[in-house]
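What follows is one structure encoded as structure tokens, with my remarks underneath.
The values are calculated or read from the model by the stated rules, or taken from the named source; none is laboratory data. It should be emphasised that the depicted structure is a prediction, and the values quoted were computed from it without experimental measurement. Using ideal geometry, Cβ is built from the backbone for each residue, glycine included, and neighbour counts are taken over all protein chains shown. The protein model used for the area step is the full one, side chains on, heavy atoms only, and it has no ligands, DNA or RNA in it. Shrake-Rupley method; radii C 1.70, N 1.55, O 1.52, S 1.80 Å.
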Amino acid sequence: MPPALPRGALLTDPRSASCAHPGRVAPGQTVAGGAIPGQRAVLPRGWTALRDDPRGARLFFDFDGTLAAIAADPARVRPVAGAIAALTRLNELVGRVAIVSARPVRFLHDQFGGLVDLYGLYGLESFRDGRRHTHPEAERWRPVIADVAARAAEMMPPAQVEAKGLSVALHYRTTPGLADRITSWGRGRANELGLRCQPGRMVMELKPPIAYDKGDVVRAALGDASAAWFCGDDVADLRAFQALDERSAADPSFAALRVAVANPETGAELTDAADLTVSSPPALISLLDDLAADLRRR
Ligand SMILES: O=P(O)(O)OC[C@H]1O[C@H](O[C@H]2O[C@H](CO)[C@@H](O)[C@H](O)[C@H]2O)[C@H](O)[C@@H](O)[C@@H]1O
């Protein structure tokens, strides 16, 4: 019996990996992602369940740090090479594919059009089946967010204030020395205005106090799915992992795969909760190409 890929196994970009799949993969060990289906390792149950019933499966993806490499200017970020082709292939093979991001739906639509379901601002906005939806409680917060974005632009470099309509991101990637000032100012405005703070990778986000997050998006979108994957890189993606955990606990026939994209900023919280960890967005695309090839062989 070949060994199983253990929870947390680390997969690297096969294009840069020099090792062959070693057969047994210890937690944290580096193996070539592209070698998985061909290496007779026992695949994770979330993979085999998806292969057994692709039309009953769902694939969920975070955007920044997952389908796109992190860069200094959020406005210039685009999906990594091969991402759109991989999603196009999987969309033909799998029941439903969705991007679940903190970006506005407008930005996601510019990148992906109507290719897959789009959930923006942690699900406060979405674009599905050709229609745009906004959470009914969110709209009244738009002027409050606009006001706080304008005030933020007076307190910090305006180019680092990303006004997203129903939320605002205060970035400090290019000015890490301002991190404390920006985050404490953000916490102060959140307390003053009744907003929520969402930390992220070199960013503090202010959003409406609506109890709706990536986990709620996944819960609602799962429907009667038999299997689902969520691929993410940041702490906000833990909520989506938890939604898959809950569903797995409630329904033993359901199989999930939690995929983390490793990075030095998020810490171990996400990779500890993941079934598989890939080393970068290109390594994730390689894994998705493997999945599509595996599904096509069936
Ligand atoms: O849910 P996501 O799709 O992962 O969005 C989370 C945030 O992503 C973006 O910020 C991050 O990526 C930027 C571009 O690489 C980077 O400059 C920044 O430091 C990261 O935090 C996006 O700009 C934010 O609005 C999202 O909240």
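Things to note:
- Residue list for the stretch 200-209, restricted to those being away from the ligand (no atom under 11 Å from the Cβ) and either open to solvent by 10 Å² or more (accessible area, probe 1.4 Å) or assigned to a strand (DSSP E or B) (or both): Pro209
- Qualifying residue in the stretch 156-171 (condition: more than 22 Å from Ala69 (Cα to Cα), free of Cβ contacts under 8 Å to residues at least 24 places away in the same chain, surrounded by fewer than 17 Cβ atoms within 10 Å (Cβ to Cβ) and more than 10 Å from the ligand (Cβ to nearest atom)): yes
- Cross-chain or 6+ apart pairs with Cβ under 8 Å, the stretch 57-81 first and within 19 Å of Glu265 (Cα to Cα), then among the basic types (Lys, Arg) and more than 8 Å from the ligand (Cβ to nearest atom): Ala68/Arg78
Let's see how each residue does on (1) out of contact with any Leu (no Cβ under 8 Å at 6 or more places or on another chain); (2) among the basic types (Lys, Arg):
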site: Asp251; (1), (2): yes, no
site: Ala260; (1), (2): no, no
site: Glu265; (1), (2): yes, no
site: Leu276; (1), (2): no, no
site: Ala292; (1), (2): no, no
site: Arg297; (1), (2): yes, yes
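- Within the stretch 232-266, the residues that satisfy the criterion of being in contact (Cβ under 8 Å) with a residue 24 or more places away in the chain and either more than 16 Å from Gly215 (Cα to Cα) or among the aromatic types (Phe, Trp, Tyr) (or both) are Phe241, Ser253, Phe254, Ala255, Val261, Ala262, Asn263, Glu265, Thr266.
- Scanning the stretch 272-291 for residues that are of a type in the set (Val, Ile, Thr) and either in contact with a His (Cβ under 9 Å, 6 or more places away or on another chain) or under 13 Å from Leu87 (Cα atoms) (or both) returns a single hit, Ile285.
- Within the stretch 172-181, restricting attention to residues that are within 12 Å of the ligand (Cβ to nearest atom) and without any contact (Cβ under 8 Å) to a residue 40 or more places away in the chain, the residue that is surrounded by the most Cβ atoms within 10 Å (Cβ to Cβ) is Tyr172.
- If only residues of the stretch 216-237 that are out of contact with any strand residue (DSSP E or B) (no Cβ under 8 Å at 6 or more places or on another chain) and in a helix (DSSP H, G or I) are counted, the one that is surrounded by the fewest Cβ atoms within 10 Å (Cβ to Cβ) is Ala220.
- Residue in the stretch 137-145 that is more than 18 Å from the chain's Cα centre (by Cα), modelled with pLDDT of 95 or more and within 30 Å of Leu295 (Cβ to Cβ) present: no
- Some residue of the stretch 213-222 being within 16 Å of the ligand (Cβ to nearest atom) and under 22 Å from Gln160 (Cα atoms): no
- Taking the stretch 239-270 as the range and being open to solvent by 40 Å² or more (accessible area, probe 1.4 Å) and part of a helix (DSSP H, G or I) as the test, the residues that pass are Arg239, Gln242, Asp245, Glu246, Arg247, Ala249, Ala250, Ala268, Glu269.
- Among the residues listed as Ala146, Ala190, the single one being open to solvent by less than 20 Å² (accessible area, probe 1.4 Å), within 22 Å of Leu124 (Cα to Cα), in a helix (DSSP H, G or I) and aliphatic (A, V, I, L, M): Ala190
- If the condition is being over 22 Å from Gly123 (Cβ atoms), more than 6 Å from the ligand (Cβ to nearest atom) and part of a loop (DSSP other than H, G, I, E, B), then the stretch 53-71 contributes Asp53, Ala69.
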